[in-house]
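Enquirer: Here you go, one structure.
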Amino acid sequence: MEKSKAMQHEKFGEKDFQAIVGNLLRYGVWISLSVAFIGGIVYLLHHGNDIEDYSVFKENDRNIFEVIADVYRGVIKGNGEFLIFFGIILLFLTPVFRVLLSLFSFLIEKDYLYVAITLIVILIIITSISFGFSH
Amino acid sequence: MTVLTFTLIMILGAFLAGFIGSLSGLGGGIIIIPLLTVILGVDIHYAIGAALVSVIATSSGSAAAYVKEGITNMRLGIFLEIATTIGAVGGALLSAIAPTSFIAVLFGLTLIFSAINSLRKKEEHIVLESSPLAKKLKLNGTYPTHDGEVVSYGTKNVVGGFGMMGLAGMMSGLLGIGSGAFKVIAMDNIMRIPFKVSTTTSNFMMGVTAMASSVIYIQKGYIEPGICMPVVIGVLFGAMAGAKVLVRTNPKKLRIFFACLIFVLAINMIYNGLNGKI
């Protein structure tokens, strides 16, 4: 036991890092779902009796920044649908924070191979966002 | 149908999907899609979007605990995320242009494959010695067992596992699922990683994989708040209830039962897809 404790110190708190990532994931999920849940209730209060048909797909082609601007305006107005959307965006962002956190941790550990690997993952995500402009 | 009625039916349906998903080990996403499309008549694109959202919620939620316990191999996860994110972006772009009948048939086939995979007898072969590339990438690791012991393991065939992960990511982006069955093949069968580590690491990776395709989903309008909300709630509670029941029942008989049920749903989807009804 003594030996493994000493090793953890050398490895710059790998355990602490695991705890931080674990908490980030847990709170991220709960916060985003709570926001979406409140939005769901607001949405049902206003639109519960509307008729909605989901059998036909209305394809959009909006770039992500337009969507985010819409969501921002909608949330300020207290619109239920946009509140749900905001919650979903928070949910999608949780893993992004997780990746940034691991980048930081590898930098501290001076594990440059994994700094590079994490940067590649970030680059792929950025490329995927920029696909919105090419369409 | 009014929004309220539809919401209530969907919560119930998603609850069932989450329940069956956690009992059969298939994941809720793979059951929610045939349920929404075949039974409730929702367009497959909306179903894919809602499934992806619920998959992220359940996988991040359970990943949290495993990461804290130190079972997840984070280096392995981040390394393989290169493959899954590239695959996911490709899959999501493909799903935007592919005809719905093609998606339905492909989904049906994936469903059959996953059902068979859930019944397959799994044998563990832990290797201690890592391949040279795995050593270079520091992919070996340890995990704690229930008795507090620490098991160490090595990793083989990094290139093969990486390629299979790319395919898993593509299926995830194309169909909005966690594609657990493909990841199991990549990690357990090809890279020889212990079950406990491979399932928890694949859960951990799901969030980032999904993130890569979700941006495209959002831009294309797959994410419909009115559908996503009841589906996420239903799946989460269903999965929790399933986990409770799992402790008290014999999962083997249940697995056979659900595998048959999923097989029927899959055939139905393929049939509807070929007829152009989906």
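The values are calculated or read from the model by the stated rules, or taken from the named source; none is laboratory data. Bear in mind that the values here come from a model prediction, so they are computed numbers and not experimental data. Positions of Cβ are backbone-derived with ideal geometry, glycine not excepted, and every protein chain shown enters the neighbour counts.
Enquirer: Being closer than 15 Å to A:Thr94 by Cα, at the interface with chain B (Cβ under 8 Å from one of its Cβ atoms) and not β-branched (Val, Ile, Thr) narrows it down to one of A:Gly48, A:Gly39, A:Gly28, so name that one.
Expert: A:Gly28
Enquirer: Let me ask you something else. Being more than 7 Å from every other protein chain (Cβ to nearest Cβ) and surrounded by 13 or more Cβ atoms within 10 Å (Cβ to Cβ) is true for just one of A:Asp53, A:Asp70. Which residue is that?
Expert: Working: A:Asp53 fails: surrounded by 13 or more Cβ atoms within 10 Å (Cβ to Cβ).
Answer to the selection: A:Asp70.
Enquirer: Let me confirm something: among B:Ile185, B:Ile177, which residue is assigned to a loop (DSSP other than H, G, I, E, B), closer than 29 Å to A:Ser128 by Cα and of a type outside the set (Phe, Trp, Tyr)?
Expert: Numbers: B:Ile185 fails: assigned to a loop (DSSP other than H, G, I, E, B).
The match here is B:Ile177.
Enquirer: Still on this structure, I have one more. Please pick out the residue among B:Phe107, B:Phe79, B:Phe102 that is more than 11 Å from chain A (Cβ to nearest Cβ), of a type outside the set (A, V, I, L, M), surrounded by 24 or more Cβ atoms within 10 Å (Cβ to Cβ) and assigned to a helix (DSSP H, G or I).
Expert: On the way: B:Phe79 fails: more than 11 Å from chain A (Cβ to nearest Cβ); B:Phe102 fails: surrounded by 24 or more Cβ atoms within 10 Å (Cβ to Cβ).
Residue meeting the stated conditions: B:Phe107.
Enquirer: Looking at (1) closer than 28 Å to B:Leu137 by Cβ; (2) modelled with pLDDT of 90 or more, which one does A:Ile129 not meet, given that it meets all the others?
Expert: Condition (2) is where A:Ile129 drops out.
Enquirer: While we're here: Just the residues that are more than 15 Å from the chain's Cα centre (by Cα) and of a type in the set (Ser, Thr, Tyr), please, taken from region B:80-103.
Expert: We begin by selecting, within region B:80-103, every residue more than 15 Å from the chain's Cα centre (by Cα); these are B:80, B:82-83, B:86, B:89-90, B:92-103.
B:Ser95, B:Thr100, B:Ser101 - these are the residues of region B:80-103 that are more than 15 Å from the chain's Cα centre (by Cα) and of a type in the set (Ser, Thr, Tyr).
Enquirer: Considering only residues that are modelled with pLDDT of 85 or more and more than 9 Å from every other protein chain (Cβ to nearest Cβ), which ones fall in region B:36-46?
Expert: Selection gives B:Thr37 alone.
Enquirer: Something else about it: Taking the condition of being over 19 Å from B:Phe15 (Cβ atoms), within 7 Å of chain A (Cβ to nearest Cβ), part of a helix (DSSP H, G or I) and in contact (Cβ under 8 Å) with a residue 24 or more places away in the chain, how many residues in region B:216-244 meet it?
Expert: 2
Enquirer: Let me ask something else. For B:Leu265, only one of the following conditions fails: (1) free of Cβ contacts under 8 Å to residues at least 60 places away in the same chain; (2) in contact with a Pro (Cβ under 6 Å, 6 or more places away or on another chain); (3) among the aliphatic types (A, V, I, L, M). What is its number?
Expert: Exception for B:Leu265: condition (1).
Enquirer: Now, a different point. Test of understanding: among A:Leu107, A:Leu113, which residue is part of a helix (DSSP H, G or I), more than 10 Å from chain B (Cβ to nearest Cβ) and not basic (Lys, Arg)?
Expert: Values: A:Leu113 fails: more than 10 Å from chain B (Cβ to nearest Cβ).
Result of the check over A:Leu107, A:Leu113: A:Leu107.
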